[in-house]
Structures are given as structure tokens and as C-alpha cells.
Amino acid sequence: MDSNRILRPLLWLLILAGGFFGLAAFIAPATFASLTGFAGTDVFTYRLAGAATFAYAIGLVAGTRASWVELRIPIASTLTFNAASIFACALAIASGGAQPLVFVILLASAVFTAGTWQLLRQPPLEAAGKARAELERPIASWLVGLYVIGVAAAAVFGLGRCSWAASSASSPARAATTPLSTARPGPRPWARPSAGSSCCSPGAGPRPDCPR
Amino acid sequence: MAVTFNGLSVIAAIVQIIGGAQPIAWLILAAAGLTTVGMGLALARKGR
């Protein structure tokens with residue numbers, strides 16, 4: 001895979017995907033959830049996730065005219081975002097009854113992770129521009145403090161939510177009580193569980209789509 | 001990127017507070033508001 005050939009198409013694909021899914025989740029979270037088969041019970045979380053996704057699109061639009069030195073950090077962020085997205089999709093699939101959209105997101109995240117990994121592994125020569133030396137200059141110490149606060153907040157909310165999701169996936173009883181549960185109640189023909197599966201465990205209680 | 005995310009988070013938190021706030025919405029409003037102002041200032045001053 002040639003980094004020079006994939007840079008621009010990948011960048012615009014990321015911008016389009018981030019712009020569409022980010023704005024849709026931010027502007028109309030309930031409609032977006034309903035159209036994609038989710039319950040949409042926690043609109044605030046949908047809006048925050050939409051804001052984060054849309055921000056990636058904006059950051060990458062700004063990066064379309066940037067040099068590789070300027071672009072490499074947003075690309076590394078995008079790699080992290082999509083790798084975490086694969087983890088989230090895997091948890092959703094493992095916990096059973098994943099919506100079809102989960103598989104679409106899993107596929108897109110895998111493509112984006114592979115593409116951004118390739119760019120970082122073999123930086124494209126095409127994205128020439130200002131050299132590192134021209135860009136390196138000290139920043140204000142108050143800004144470094146702001147970055148530290150941002151990293152701490154991202155660690156608490158991001159990693160905290162990941163570990164909660166992981167423990168929810170391994171414990172159906174806990175998943176059933178989480179306020180962020182996205183499973184739409186009612187029959188789901190694409191994920192009909194068999195009798196005795198974990199969804200009908202005593203801790204979780206019978207779900208409407210479990211065989212009687 | 002940071003200004004967009006935090007600016008939109010401020011809007012989302014305000015919408016949430018208007019519709020009946022949970023304590024986390026106030027926390028996010030404060031954190032995102034501070035970060036939006038800080039990052040905006042950083043962009044305007046070019047990191048100085």
C-alpha cells in the first residue's frame with residue numbers, strides 16, 4: 001500500500017464519514033438512533049459522541065493543506081479513535097444482538113485503522129510543506145497546563161467508559177441496568193438467541209426476544 | 001478540533017440543562033466551557 005496514493009482519498013473519506021455521522025448524531029440524536037435501530041435513550045451521550053466525531057472531520061479539513069509534520073498528530077488521533085471503535089464494536093457483537101450498523105462501523109473502522117496505521121508507518125512524501133524545524137517553537141506554559149487537564153479529562157471519561165462497557169459486556173445483569181444501553185427492546189430477527197443463552201440468565205431476566 | 005468538540009459539547013450541555021439537568025451536564029458544561037475559551041485563546045494568540 002502506497003501512502004502517497006491513499007493519503008488524499010483516505011483523508012476525504014474520513015472527513016465525509018466524520019461529518020455525516022457526527023452532525024447526524026449531534027443535530028438529531030433521537031432520529032439517528034431510530035433510523036439505525038438503536039433505542040436512543042441517552043440523547044446527551046449521542047450528542048457528545050457526535051461532537052467528537054464531527055470535530056475529527058473539522059480537524060482533518062484543516063489538515064488537507066497541511067504538511068505531514070502538522071498532520072501526523074491528527075492522524076494518530078484518528079487511528080486511536082478507530083482502534084477504540086473496533087474495540088467497542090467487538091464488545092457490542094460479543095454481548096449479542098448487535099445492530100447491523102455495528103458491523104458497518106466495524107468494517108469502516110478496520111479500513112480507517114489500517115489506512116492511518118500505514119500513513120504513520122510510512123509517512124507520505126506528497127504532504128510536503130513546512131519542515132519540523134519551522135514549526136517547532138515553544139508554546140505558553142498555561143497552554144501546557146490546559147493540555148494536561150484535557151488529557152486527564154479524556155483519560156477519566158474515555159478509559160472509564162471503555163472499562164464500564166467491557167465489564168457490562170461480560171456481565172449481562174450489569175448491562176441490563178446501564179443507562180447507556182442501546183439495545184432496542186423487542187424482537188430482533190437477526191440475533192435471535194437460543195434457549196439457555198446468556199440473555200436469559202437469571203441475573204439478566206428474560207428479554208422479549210428470548211424463546212419462551 | 002478541540003474547539004469544535006468542546007464548543008459543541010457546551011451546546012449539548014446547555015440543551016441538556018434546559019431539558020432537566022443531570023449533575024454530569026453541569027460538570028461537562030464547566031469543563032468544555034473552560035477548554036473552549038482556553039483553546040480559542042491559544043489559537044488567537046498562536047500558542048503564545
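Side notes on the structure shown:
- Residues that are assigned to a loop (DSSP other than H, G, I, E, B) and at the interface with chain A (Cβ under 9 Å from one of its Cβ atoms), drawn from region B:1-44: B:MET1, B:GLY19, B:GLN22
- Restricting A:LEU11, A:LEU48 to those that are free of Cβ contacts under 8 Å to residues at least 12 places away in the same chain, surrounded by 13 or more Cβ atoms within 10 Å (Cβ to Cβ), under 18 Å from the mean Cα position of the chain (by Cα) and within 23 Å of A:GLY63 (Cα to Cα) reduces the list to A:LEU48.
- A single member of A:PHE112, A:PHE38, A:PHE21, A:PHE81 is in contact (Cβ under 8 Å) with a residue 60 or more places away in the chain and under 13 Å from the mean Cα position of the chain (by Cα), and it is A:PHE112.
- So A:PHE32, is it at the interface with another protein chain (Cβ under 10 Å from one of its Cβ atoms) and assigned to a helix (DSSP H, G or I): no
We did not get these values from a lab; they are worked out from the coordinates using the rules stated. Please read all numbers here as calculations on a predicted model, not as lab measurements. Don't worry about glycine lacking a Cβ; one is built from the backbone with ideal geometry, like all the others, and counts go over all protein chains shown.
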